[in-house]
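The values are calculated or read from the model by the stated rules, or taken from the named source; none is laboratory data. Computed from a predicted model, the values in this text were never measured in an experiment. In this analysis, Cβ positions are derived from the backbone assuming ideal geometry, glycine residues included, and neighbour counts consider all displayed protein chains. To get the accessible areas, we keep the full protein, side chains included, count just its heavy atoms, and leave off ligands, DNA and RNA. Shrake-Rupley method; radii C 1.70, N 1.55, O 1.52, S 1.80 Å.
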Amino acid sequence: MLVKKEDIHDIIPQRDPITLIHRLIKQEETFTTCEFDVEEGHLFVKNNSLSPAGLVENIAQTAAGRMGYHYMLKNEKPPVGFIGAVSKLEIHDRPKVGEVVTTTVTVKSEVFNITLIVGESFVGDKKMAQCEMKIVINEEA
């Protein structure tokens, strides 16, 4: 484990109640894996399950964790990123309270300040969601 739950806010700008990653598990040049514990009472939990919007935001925060960890290693403040577009979104199921969501983000391309990623979320071996996402980095913020 590279970043524990108590330190996750060192690498992402999101704060409770919308934090949707708890641990950064693996980081390579173009690949990142994070985990999220689905907790009762979370803002994105409805009817005992993580909402589709929560799944999308979980993927976005995994991408933010990738960038934040990269900058943390250089002792620099990470730039702020925004979701520019979501495409090819598929929601297969909704994780339940008490389950751990494992999300991977793979970089497909980076051009100027735009990164195209593929995100996939699982509970165990069962795929919950997948999408492509364009992340726009605001390097002036």
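When Ile21 is tested against (1) in a loop (DSSP other than H, G, I, E, B); (2) over 14 Å from Phe122 (Cα atoms), exactly one condition is not met: (2).
Residue-by-condition table, conditions (1) of a type in the set (Val, Ile, Thr); (2) without any contact (Cβ under 8 Å) to a residue 60 or more places away in the chain; (3) touching an Asp or Glu at 6+ places or on another chain (Cβ under 6 Å):
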site: Glu28; (1), (2), (3): no, yes, no
site: Thr32; (1), (2), (3): yes, no, no
site: Val45; (1), (2), (3): yes, yes, no
site: Pro52; (1), (2), (3): no, no, no
site: Asn58; (1), (2), (3): no, no, no
site: Thr62; (1), (2), (3): yes, yes, no
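Within the stretch 73-96, the residues that satisfy the criterion of being open to solvent by less than 60 Å² (accessible area, probe 1.4 Å), part of a loop (DSSP other than H, G, I, E, B) and at pLDDT 95 or above are Asp93, Pro95.
Quick grid of which residues meet (1) assigned to a loop (DSSP other than H, G, I, E, B); (2) surrounded by fewer than 17 Cβ atoms within 10 Å (Cβ to Cβ):
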site	(1), (2)
Thr33	no, no
Phe36	no, no
Gln61	no, no
Gly68	no, no
Gly98	yes, yes
Val118	no, yes
Gln130	no, no
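State all residues of the stretch 36-86 that are touching a helix residue (DSSP H, G or I) at 6+ places or on another chain (Cβ under 8 Å) and among the basic types (Lys, Arg); if no residue qualifies, say none. Across the stretch 36-86, the qualifying residue is only Lys77. Residues of the stretch 38-59 that are farther than 19 Å from Glu120 by Cβ and assigned to a strand (DSSP E or B): Val45, Lys46.
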